[in-house]
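S.K.: Could you have a look at this structure, given as structure tokens, before my questions?
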């Protein structure tokens, strides 16, 4: 019997240990990275397949994560009562232990009869806030069998909705992160297979880096916003010769180049306007070479070392940068007001006596861009969902926008990778584009035959946040944004 009829999620852990280098050679080396044809499988509901686009060490501010127990293969039974002989937990000065802080809050799915990921229902009731039920779990710190209760900032209903989207879309390998950009709070964090696609590991960033390249160009290159780019042939195919602007060819604006993810144009920007130092500095300023949170690896960028072709591939996303899904969500969140905020997913931790343990103070926000530049980038990125690489994902039959009149600023990315093998499809988005309420990131690793694109997953997540009965409104996101939790005494529940 479930306490008060409420379900929570049995949290499984991804592979959280110390960050390991994922070889950049694992990124697909085909410099053409041409758009893939639509799959032959049927559409999911009203969402059709999109045209995929083309695809000095920092001081670590976090303590190293301690080893974690293995991810269970099945849903656990009810949380057992404490044994009288259990060793009581005593934290140092009443603070949360490092191994608890390093837990990545991705709920563990199981595989149903149809071979699809499915959310596990647990036994421990989640904490409640003024805007719904949170994801919670009981854990034993290293060296103790006594339990601590972690109440996360994750919303239970939204987390379930994302797993439903994964299941309907037949996504076997996927990650999704939803952030409250005003606070840095993570309000949903879902993954279909923490063993094969660990949430804390880094993956090829692909064309998401074009957002960073565009930001650096708008900041450092006078007149670049009104300048056109020339390219020849396939805009996604890059060669060493094509990093030099051709004398003739097709001309496009910066907005159009970003919307269609033109590799030649962004390689030219990186090589001829920015240079390696500015390009790498911009990547650092966005926090992509730091750990985005405990339990996550730092991003990895390859220094071109004077190789113009390598710099071009770094600037357009064909090679050279690997990030986590949380990094991707933070890129989007930074475009709200230009500030990078530390991602936070633990709301509070209480011991067996209901006493609150002290959490570390959040680091102050870092100003990455001016607010005006952040707004300019969002304006440019609206074209991605209106006429660019995510257009089909955001429009149903007869061209009807699935979020109605709400504009979405977005960027897509796709590139082949090897760990795990497949085509890596990214989507980051902000909605509404003019005054964003949420920032999201989605990563889907596609097999040879796929059913739902990363952009389609992103569109459906935003639809779940903002829309009810075909009516989409910005204020509907307020129910998902985190609020103060009730007191431990009023929200605690004993599992049956």
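Read-outs throughout are calculated quantities, based only on the coordinates presented, and are distinct from any laboratory measurement. Worth saying up front: this structure is predicted, and the values here are computed from it rather than measured. Methodologically, a virtual Cβ is constructed for each residue, glycine included, from the backbone with ideal geometry; neighbour enumeration extends over all protein chains shown.
S.K.: Please give the FRET efficiency for residue 241 paired with residue 142, using the beta carbon to beta carbon distance and R0 = 60 Å, rounded to the nearest 0.05.
M.R.: 0.60
S.K.: Here's a follow-up. Treating the Cα atoms of region 249-302 as identical point scatterers in vacuum, please give the log10 of the normalised Debye intensity I(q)/I(0) at q = 0.21, 0.23 Å⁻¹, two decimals.
M.R.: For region 249-302 at q = 0.21, 0.23 Å⁻¹, log10 I(q)/I(0) is -0.86, -0.92.
S.K.: Students often check this: by mean Cβ neighbours within 10 Å, which of 95-102, 362-369, 382-389, 408-415 ranks highest, and how do the rest follow?
M.R.: 408-415, 382-389, 95-102, 362-369
S.K.: What is region 129-206's relative contact order, in percent, from Cα pairs under 8 angstrom and six or more apart in sequence?
M.R.: Averaging sequence separation for qualifying contacts and normalising by length gives 23 percent for region 129-206.
S.K.: How high is the relative contact order of region 357-444, in percent, counting Cα pairs under 8 Å that sit 6 or more residues apart?
M.R.: Worked out over region 357-444, it gives 21 percent.
S.K.: Now for a separate question. Once you have the Cα-Cα distance between residue 362 and residue 250, take 0.36 nm times their residue separation minus that, and quote the gain in nm to one decimal.
M.R.: Length gained between residue 362 and residue 250: 35.5 nm.
S.K.: Can you give me the Cα centroid spacing of region 400-448 and region 155-217 in angstrom?
M.R.: About 9 Å separates the Cα centre of region 400-448 from the one of region 155-217.
S.K.: Rounded to the nearest whole Å³, what is the per residue volume of the convex hull around the Cα atoms of region 387-460?
M.R.: With only Cα atoms used, region 387-460 gives 90 Å³ per residue.
S.K.: If you average over every viewing direction, what projected area does the convex hull of the Cα atoms of region 339-444 give, in nm²?
M.R.: 10.9
S.K.: Continuing with this model, one more query. If you stretched the chain out fully between residue 227 and residue 195, how much longer would it get, using 0.36 nm times the residue separation minus the C-alpha to C-alpha distance?
M.R.: Length gained between residue 227 and residue 195: 6.9 nm.
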